[in-house]
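Worksheet: the structure to be examined is printed underneath.
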Amino acid sequence: MEQNKMHKPTKAIFPGAFDPFTVGHENIVLRGLELFDSIVVAIGVNSEKKCYFSTEERIMHIKTVFEAYPNIEVAAYEGLTVDFAKQIGASHILRGIRTSADFEYERAIAQVNKQMTGIDTAFLLTKPEHTPVNSTIVRDILRHGGDASLFLPEKLREIIK
């Protein structure tokens, strides 16, 4: 590769429901900044899905977590993730992988997305301590009045109780 080639700014989207946004999500986004100039945390909205937190609450939560990062944006979208990625000029989709099952599922989607649109997917492995953390488990803890603070970003621990 040519050494003097100009840097081409890259934007990735990190899509998900983020109901709620966890320490694992936070870690993937922050590590993603080592690969991409900017990241849009993209909240997929599915009107048929019953969420614990409203879309507006999730947007506010994620904006709070990343308020010190001007190169991280938060947006909600409906429809296909790749269509939203193209709409905002993202060159990549960023995904976190916790298990081999995650990889197989995400690999199939990434290959179809690449074939359909040319948009690549970048996978980051979660930190070992975040492997068991997922929104479904954290949401269940919250629904039953448990303390989920270990699994929430520090800036959300007081907001979500």
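The values are calculated or read from the model by the stated rules, or taken from the named source; none is laboratory data. Everything numeric here is computed off the predicted structure, so don't read it as measured data. Note that each Cβ is placed from the backbone with ideal geometry, even for glycine, and that neighbours are counted across all protein chains shown. These accessible areas exclude ligands, DNA and RNA; they are computed on the full protein's heavy atoms, side chains included. Shrake-Rupley method; radii C 1.70, N 1.55, O 1.52, S 1.80 Å.
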Test of understanding: among 122, 68, 85, which residue is within 14 Å of the chain's Cα centre (by Cα) and not in a helix (DSSP H, G or I)? 122
Tally of residues being in contact (Cβ under 8 Å) with a residue 60 or more places away in the chain, crowded, with 20+ Cβ neighbours inside 10 Å and either basic (Lys, Arg) or more than 15 Å from residue 112 (Cα to Cα) (or both) across the stretch 73-92: 2
Of all residues making up the stretch 50-69, the number that are in contact with a strand residue (DSSP E or B) (Cβ under 9 Å, 6 or more places away or on another chain), open to solvent by 30 Å² or more (accessible area, probe 1.4 Å) and over 18 Å from residue 139 (Cα atoms): 2
Is the stretch 103-114 home to any residue that is open to solvent by 40 Å² or more (accessible area, probe 1.4 Å) and polar (S, T, N, Q)? yes
Working carefully through the options 28, 62, find the one that is in a helix (DSSP H, G or I), aliphatic (A, V, I, L, M), touching a Leu at 6+ places or on another chain (Cβ under 6 Å) and modelled with pLDDT of 95 or more. 28
Can you tell me which residue in the stretch 133-153 is farthest from residue 49 (Cα to Cα), limited to those that are open to solvent by 90 Å² or more (accessible area, probe 1.4 Å) and assigned to a loop (DSSP other than H, G, I, E, B)? 147
Any pair with Cβ under 7 angstrom, 6 or more apart, that starts in the stretch 14-31 at a residue that is farther than 18 Å from residue 57 by Cβ and ends at one that is among the charged types (D, E, K, R): 27/127
